[in-house]
Amino acid sequence: MAAYARHSKAVAESGGMEYLDLSPYEYRTFPLPMRSVGWLGCKYGVQGVGASKVTRYESELLISASWRLSSLTLGTHECEFCREGPVFEGNGEYHYYTQAGDVYSAPMMILHYVEEHGYHPPEAFLKGLADTNTLVWDWRSERLAGLLLDESEDLDMRCEAIVDLANWKDPRALEALVYAARDDELSDVAGDEIGRSLGGFLGVGFAKDIRVDSFPDLVRFGIQQYLMG
Ligand SMILES: [Zn+2]
């Protein structure tokens, strides 16, 4: 995470990150259009309360789809609904890419809101989580790969592409990540993230020629972290 800290901007202010579910994501700049989910606060309260409870299946789906945090440049945010005991704090957000072509952004706190405060995410969002790990290459991954390969693009955005591209187990994603691993600037600031993304390709048929020992230390460290789960 040190890589991200270098670019960190304390942008999170209390009350400044509350959005209605499914509204267009506008918290920060992101190269793809996304919808907000689970950005809860005092103004709208716990959205989705009164809807049926999240089923065990939906909850497990949400947990397994929330496998990797993006955007750790966010400051920490405190839960506004914890009444007693330690107040839960979160940092970063999850991005969910559905087969249907939607992208959702939720704060890291979404799992806490579901577990502790009866939050019920929108049905359309929960349904879309069922097949997020079998994505086929599309304009979203094309955009992310293009961003990663373009040296004139903003470094923070390129770092986010490193994380999100790992959603596609496709040779083009691998190619862009290998390029990033060999790029001095990217591997300096985000080598561990590159490694974590590359880790997901080890064992995949088209990645059999990948030589882990040819990557910089920080990238190899990230791969190790991935392998240790
Ligand atoms: Zn709470």
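The values are calculated or read from the model by the stated rules, or taken from the named source; none is laboratory data. As the structure is a prediction and not an experimental result, all values here were calculated from the model. So basically every Cβ, Gly included, is an ideal-geometry build from the backbone, and we count neighbours across all protein chains shown. Keep in mind that these areas ignore ligands, DNA and RNA; they rest on the heavy atoms of the full protein, side chains included. Shrake-Rupley method; radii C 1.70, N 1.55, O 1.52, S 1.80 Å.
Annotations for the structure displayed:
- Estimated from the Cβ-Cβ distance and a Förster radius of 22 angstrom, the FRET efficiency linking Asp138 and Ile63 is about 0.30.
- On full extension, the segment bounded by Lys208 and Tyr44 gains 54.1 nm, given 0.36 nm per residue less the C-alpha separation.
- Per residue, the stretch 2-131 exposes an accessible area of 50 Å² to a 1.4 Å probe, with every protein chain left in place.
- Fraction of alpha-carbon pairs over 22 Å apart in the chain - percent: 52 percent
- Zone of Gln99's modelled label, taken as backbone nitrogen in the stretch 115-152 under 11 Å from a point 7 Å along Cα→Cβ: 128-136
- Residue with peak Gaussian network fluctuation, the chain [Cα springs, cutoff 10 Å], from Gly45, Gly199, Gly85: Gly85
- Accessible-area composition of the stretch 2-131, carbon plus sulfur, in percent [1.4 Å probe]: 53 percent
- Here is the list for the stretch 66-160: trypsin sites (Lys or Arg not before Pro) lying in DSSP coil, each with at most 13 other C-beta atoms within 10 angstrom of its C-beta, are Arg83.
- Applying 0.36 nm per residue to the separation of Glu185 and Glu115 and subtracting their alpha-carbon distance, the gain on full extension is 21.2 nm.
- The HN-Hα couplings worked out from phi for the stretch 19-27 by the Karplus form 6.51 cos²θ - 1.76 cosθ + 1.60 (θ = phi - 60°) are 9, 5, 4, 6, 6, x, 5, 9, 5 Hz, whole numbers, x standing for Gly and Pro.
- Highest-MSF residue in the chain out of Asp150, Asp21, Asp192 [GNM, Cα springs under 10 Å]: Asp150
- The modelled label-to-label distance for the pair Arg56/Cys82, using points 7 Å beyond Cα in the direction of Cβ, is 2.7 nm.
- Amide H contacts of His120: Val49, each under 5 Å away and 5 or more positions distant or on a separate chain (H built 1.01 Å from N in the peptide plane; Pro and chain starts excluded).
- Taking Cα centre as origin and charging only the Cβ of basic (Lys, Arg, +1) and acidic (Asp, Glu, -1) residues, the dipole magnitude of the stretch 96-222 rounds to 560 debye.
- Total charge dipole magnitude, the chain, about the Cα centre, Cβ charges on Lys, Arg, Asp, Glu only, Debye to nearest 20: 500 debye
- With the simple spin-label model, which puts each label point 7 Å out from Cα in the Cβ direction, the Thr29 to Lys127 separation comes to 3.5 nm.
- Residues with amide H under 5 Å from that of Met108, placed H, sequence gap 5 or more: Asn91, Gly92, Glu93, Tyr94
- Across the chain, the relative contact order, built from alpha-carbon pairs under 8 Å that are at least six residues apart, equals 18 percent.
- Comparing Glu93, Glu18, Glu115 in a Gaussian network model of the chain, where Cα atoms under 10 Å apart are tied by springs, the biggest mean-square fluctuation is seen for Glu115.
- From phi via Karplus (6.51, -1.76, 1.60), per-residue ³J(HN,Hα) for the stretch 83-94 in Hz, x at Gly/Pro: 9, 9, x, x, 7, 6, 10, x, 8, x, 9, 9
- Of all DSSP beta bridges in the chain, antiparallel share, percent nearest 5: 80 percent
- In sequence order, the stretch 163-169 has phi-based couplings of 5, 6, 4, 5, 6, 10, 8 Hz under the Karplus curve 6.51 cos²θ - 1.76 cosθ + 1.60, θ = phi - 60°, and Gly or Pro positions carry x.
- Pairwise inverse Cα distances across the stretch 94-229, averaged and inverted, put the Kirkwood hydrodynamic radius at 15.8 Å.
- The lysine pair tally for the chain, using Cα distances under 25 Å and a gap of 8 or more places or different chains, is 5.
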